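The values are calculated or read from the model by the stated rules, or taken from the named source; none is laboratory data. None of these values were measured; they are calculated from a predicted model. A quick note on method: Cβ atoms are made from the backbone with ideal geometry, for glycine too, and the neighbour counts reach across all protein chains shown. To get the accessible areas, we keep the full protein, side chains included, count just its heavy atoms, and leave off ligands, DNA and RNA. Shrake-Rupley method; radii C 1.70, N 1.55, O 1.52, S 1.80 Å.
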Amino acid sequence: MKRGFYIGRFQPYHNGHQSVLECIAEEVDEIIIGVGSAQLSHTIDNPFTAGERVLMITRALSLLGCPFYVIPIEDIKRNALWVAHVQSMTPPFDLCYSSNSLVVRLFNEANVKVQSPAMYERETHSGTEIRRRMLKGEPWKSLVPSSVVQVIKEIDGVGRLRQIAQAD
Ligand code: ATP
Ligand code: MG
């Protein structure tokens, strides 16, 4: 049984994440998806709750054909202990998929194998760019799975982001 671990903040979950996970699904028996900074929501950089992000991911991967677990992981402010923190919250896994240099470094130091997936149209497919477009009223729906568009509509995600961005 080979399990792979993939972590992100998923603010929001987008087609770049989806494309990476579809590739990982070909390589492992089970996928563990960590929802990072789980305690954060209702800020401009982290508008969605962990529960809302779990909903986005679960719905977008309903046809994946590879079993997966979606696990919220709160930040601890001790990088040296972070891998152990992650491992305490997840089923055991054999390798980690990440292109984030700090994540790669921390897992390497903990002797966990790491693979860095290629970026998928990174210019447009980034959480930062999608949040910017939502705020500016520019097109963003083509950058996320249709099920994620639906979740964001259900929770009035764009309205929330615009309201919290307003000055008092
Ligand atoms: P933000 O701009 O808010 O940081 P992000 O698009 O980088 O959002 P994260 O949730 O930070 O998304 O990313 C989780 C993981 O997905 C990271 O390892 C990141 O490198 C990777 N990732 C992000 N965008 C893409 C993409 N377009 N293609 C492949 N991997 C991606
Ligand atoms: Mg990022």
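Mean-square fluctuations from a GNM of the chain, with a 10 angstrom spring cutoff on Cα atoms, peak among ASN15, ASN46, ASN111 at ASN111. The convex hull around the C-alpha trace of the chain, projected and averaged over every direction, spans 9.9 square nanometres.
Selection among PRO91, VAL104, VAL158 by position relative to the dipole of the chain gives VAL158 as farthest towards the positive end (Cβ unit charges, Cα centre).
Surface analysis of the stretch 3-165 yields an accessible area of 51 Å² per residue, using protein heavy atoms and a 1.4 Å probe.
Of MET56, MET1, MET89, the residue with the largest accessible area leads and the full order is MET1, MET89, MET56 (1.4 Å probe). Dipole magnitude for the chain: computed about the Cα centre from +1 point charges on Lys and Arg Cβ and -1 point charges on Asp and Glu Cβ, it is near 340 debye.
Selection among HIS17, ALA80, ALA60 by position relative to the dipole of the stretch 1-106 gives ALA80 as farthest towards the positive end (Cβ unit charges, Cα centre). Give me the lysines in straight-line cross-link reach of LYS113: C-alpha distance below 26 Å, same-chain residues under 8 apart excluded. Within the straight-line limit of under 26 Å, LYS113 reaches these lysines: LYS2, LYS77.
In the chain, helices alone account for a calculated mean residue ellipticity at 222 nm of -12500 deg cm²/dmol, with every DSSP H run of four or more residues adding -39,500 (n - 2.57).
Measuring with a 1.4 angstrom probe and ignoring ligands and nucleic acids, THR43 comes out at about 50 Å² accessible.
Counting only heavy atoms of the protein chains and using a 1.4 Å probe, GLU27 has close to 90 Å² of accessible surface.
Only protein atoms count toward the accessible area here, which uses a 1.4 Å probe; on the chain, the carbon and sulfur part of that area reaches 50 percent.
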